[in-house]
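K.L.:
Pasting a structure here, questions to come.
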Amino acid sequence: MATGIFRATSQQWASRTLRVGAAPKLRTALTGQTLKRSTLSATAQWQQAVRPVLCASFHSSPFRLAPETAANPLKEPPKITAESITVGGKTYKTDSFTNVTPTVLEKTTRQLHLIPTHPIAIIKDLIYSAFPDFKHYETFSPVVTTKENFDDLCFSDDHPGRAVTDTYYVNEKIMLRTHTSAHQLKVMTEADKVLVTADVYRRDEIDASHYPVFHQMEGAQLFDAKTAVDDIRKSIAADTSAVSGSIHTTDTTVITPENPKQDCHDEAAMLATADHLKYSLNMMVRKLFSHEKDLQVRWIDAQFPFTSPSWEMEILYQGKWLEVLGCGVIRQDILINAGKSDKIGWAFGLGLERLALVLFGIPDIRLFWSQDERFLRQFEPSKIQKFKQFSKYPPCIKDISFWSNDDFHENNFCEIVRDIAGDIVEDVQLIDEFTHPKTKKRSVCYRINYRSMDRNVTNAEINELQEKLREEVVQRMKVELR
């Protein structure tokens with residue numbers, strides 16, 4: 001699941017985290033134990049090199065001080081030393097958990113969702129218009145505590161999402177948020193109707209639809225638990241915001257032991273809350289996909305740590321079912337922690353890039369971060385218009401092969417690729433692997449597709465990057481090149 005606060009169930013987190021490249025030793029660490037220093041073998045070599053790299057990389061930082069920096073600490077360029085990281089105007093000590101890189105930290109100042117003519121902001125504003133009386137939050141710092149990101153949302157101690165191979169840690173207790181839900185408790189103490197938009201950060205693979213930084217929006221609405229049934233019935237009856245165009249929904253979801261009603265909830269109130277949730281989201285996607293004459297929506301049972309029961313929404317778009325969002329009835333212990341024990345409510349979460357890629361017809365997720373005027377000038381506030389390709393430069397393909405070790409993890413390898421080549425890399429694919437019959441050593445071969453979005457790259461330039469990559473992989477990951 002790749003949408004909003006509901007991007008991954010525990011099962012999906014596990015399959016995502018433990019894909020090819022995760023050694024048996026690492027699997028045990030991620031799935032069987034609480035994340036402690038003793039489970040960090042997957043990044044032991046990484047830690048030996050990360051702080052020197054961090055310190056060196058910002059001596060020639062590409063950041064430019066924006067005029068609003070003085071008033072907005074989130075626009076201040078990060079500052080890094082061997083002992084600390086300053087980001088968002090605050091300084092944090094580093095430790096053995098530290099794995100955030102300059103390549104990622106530099107993105108914290110961009111705030112694409114606050115640029116009115118950017119596709120991410122356009123999608124955000126269209127969703128805002130579907131919830132006109134909701135309170136908006138969109139300027140939270142990306143730096144949060146592990147308590148806010150995991151503990152407050154009922155993530156188990158051994159949840160794979162906590163792994164250093166999936167999450168960017170500033171230190172053991174401080175991290176870059178992996179979802180907008182890190183702010184859920186705060187906003188729920190302030191309002192009963194909320195929308196939160198933010199950039200979120202996850203260590204991930206490299207291809208046209210994955211990037212270590214992306215944008216999420218989550219929404220939530222709370223009702224008085226005692227009067228929810230009547231309040232919801234009146235709310236739907238009084239709704240005048242329905243947009244034109246038909247919408248055909250298929251909903252075969254049922255309440256089961258695998259996707260249960262919470263014991264503390266009255267059944268009628270829970271069902272009414274679920275009805276209001278699905279009605280609200282049907283109206284939202286009808287507005288987003290207004291160009292689809294007969295929009296088809298289907299609801300699927302799901303599982304998330306912070307809602308029960310839970311569902312996913314898919315729409316039929318250009319002949320294919322597109323996963324749009326995850327949602328559900330909020331876990332009551334979360335509402336209790338927010339001081340709203342007398343409430344019942346729903347929440348949803350979605351990924352803005354996923355919608356923007358489809359609605360604007362943008363072929364590569366890297367384009368969202370482009371500062372090329374040929375991209376930026378194509379869009380207007382509150383208007384969806386198809387992207388016009390302005391270039392398609394030829395690729396330069398290079399392979400790298402090495403004997404891995406027990407500490408090897410693919411996400412760590414991809415981070416090194418990003419550090420060396422940045423957005424010139426279009427994708428990284430594992431094309432071959434085998435285990436030596438006698439030594440039992442595992443060999444892997446990755447194919448790296450170098451392709452710039454705005455210029456031709458030369459073989460000489462790519463050869464230099466590839467050689468640097470080979471050196472860094474050996475130094476940081478202690479592997480043996482083949």
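K.L.:
Give me the 1.4 Å probe accessible area per residue for the stretch 316-378, excluding ligands and nucleic acids, in Å².
P.N.:
Numbers: 2220 Å² over 63 residues.
Here the residues of the stretch 316-378 average 35 Å² of exposed surface.
K.L.:
List the aspartates and glutamates whose Cα sits under 14 Å from the Cα of K79, skipping any in the same chain fewer than 8 residues away.
P.N.:
Correct list for K79: E106.
K.L.:
Calculate, in nm to one decimal, what T227 and K135 gain on full extension: separation in residues at 0.36 nm each, minus their alpha carbon distance.
P.N.:
Numbers: separation 92, 0.36 × 92 = 33.12 nm, distance 2.22 nm.
So the chain would gain 30.9 nm between T227 and K135.
K.L.:
Between V285, T273, W321, whose Cα lies farthest towards the positive end of the dipole of the stretch 272-338 when Lys and Arg beta carbons carry +1 and Asp and Glu beta carbons carry -1, centred on the Cα centre?
P.N.:
Result: V285, furthest along the dipole toward the positive end.
K.L.:
Now for a different question. Quick check: residue separation of R374 and E471 times 0.36 nm, minus the Cα distance between them. What number comes out in nm? Can you show the working numbers first?
P.N.:
Working: separation 97, 0.36 × 97 = 34.92 nm, distance 3.55 nm.
My answer for the length gained is 31.4 nm.
K.L.:
Here is a further query. Expressed as a whole percentage, what fraction of the accessible surface of the stretch 117-188 belongs to carbon and sulfur atoms when a 1.4 Å probe is rolled over the protein heavy atoms? Don't jump to the answer; show the numbers that get you there.
P.N.:
Values: 1030 of 2040 Å².
Carbon-and-sulfur percentage of accessible area, whole number: 50.
K.L.:
Taking all protein chains together and a probe of 1.4 Å, list R177, R482, R455 from the most accessible to the least accessible.
P.N.:
Numbers: R177 0, R482 135, R455 95 Å².
Ranking R177, R482, R455 by accessible area, largest first, yields R482, R455, R177.
K.L.:
Now a separate question. Within the stretch 287-313, whose backbone N sits under 18 Å from a point 7 Å along Cα→Cβ of L322?
P.N.:
287-300, 312-313
K.L.:
How far apart, in nm, are the 7 Å Cα→Cβ label points at D294 and A237?
P.N.:
According to this spin-label approximation, the distance is 3.2 nm.
K.L.:
Let me ask something else about it. Label 7 Å along Cα→Cβ of C154; the stretch 301-332 residues with amide nitrogen under 19 Å?
P.N.:
Under 19 Å, as judged by backbone N against the label point of C154, lie 301-313, 326-332 of the stretch 301-332.
K.L.:
For the stretch 234-333, which trypsin sites (Lys or Arg not before Pro) are in a loop by DSSP, counting at most 15 other Cβ atoms within 10 Å? Walk me through the numbers before you get to the answer.
P.N.:
Details: sites: K234, K261, K278, R286, K287, K293, R298, K320, R331; in loops: K261, K293, R331.
Within the stretch 234-333, the qualifying trypsin sites (Lys or Arg not before Pro) (loop, at most 15 other Cβ atoms within 10 Å) are K293.
K.L.:
Using heavy-atom solvent-accessible surface (probe 1.4 Å) with all chains present, what is the largest-first order of C264, C154? Don't skip to the answer; put the middle values down first.
P.N.:
Values: C264 90, C154 45 Å².
Putting C264, C154 in descending order of accessible area: C264, C154.
K.L.:
What order do D95, D266 take when sorted by accessible area (1.4 Å probe), most exposed first? It would help to have the intermediate numbers written out before the result.
P.N.:
Details: D95 35, D266 95 Å².
Final ranking, largest accessible area leading: D266, D95.
K.L.:
Moving on. Gain in length, K383 to D263, computed as 0.36 nm per residue apart minus the alpha-carbon separation, to one decimal in nm? Kindly include the intermediate steps, with their values, before the conclusion.
P.N.:
Details: separation 120, 0.36 × 120 = 43.20 nm, distance 4.44 nm.
Taking K383 through D263 to full extension adds about 38.8 nm, to one decimal.
K.L.:
How much FRET efficiency would the formula 1/(1 + (r/R0)^6) give for D301 and A82, where r is the Cβ-Cβ distance and R0 is 60 Å, rounded to 0.05? Before the final figure, lay out each step's value.
P.N.:
Values: r = 49 Å, r/R0 = 0.82.
My answer for the efficiency is 0.75.
K.L.:
When the accessible area of the stretch 284-438 is computed with all protein chains present and a 1.4 Å probe, what percentage of it is carbon and sulfur? Please list the in-between numbers first.
P.N.:
Numbers: 2870 of 6190 Å².
Solvent-exposed carbon and sulfur of the stretch 284-438 make up 46 percent of the total.
The values are calculated or read from the model by the stated rules, or taken from the named source; none is laboratory data. Small disclaimer: the values here were computed from a predicted structure and weren't measured. Glycine gets a Cβ as well: all are built from the backbone with ideal geometry, and neighbour counts include every protein chain shown. In case anyone asks, the SASA skips ligands and DNA or RNA and just uses the protein heavy atoms, side chains included. Shrake-Rupley method; radii C 1.70, N 1.55, O 1.52, S 1.80 Å.
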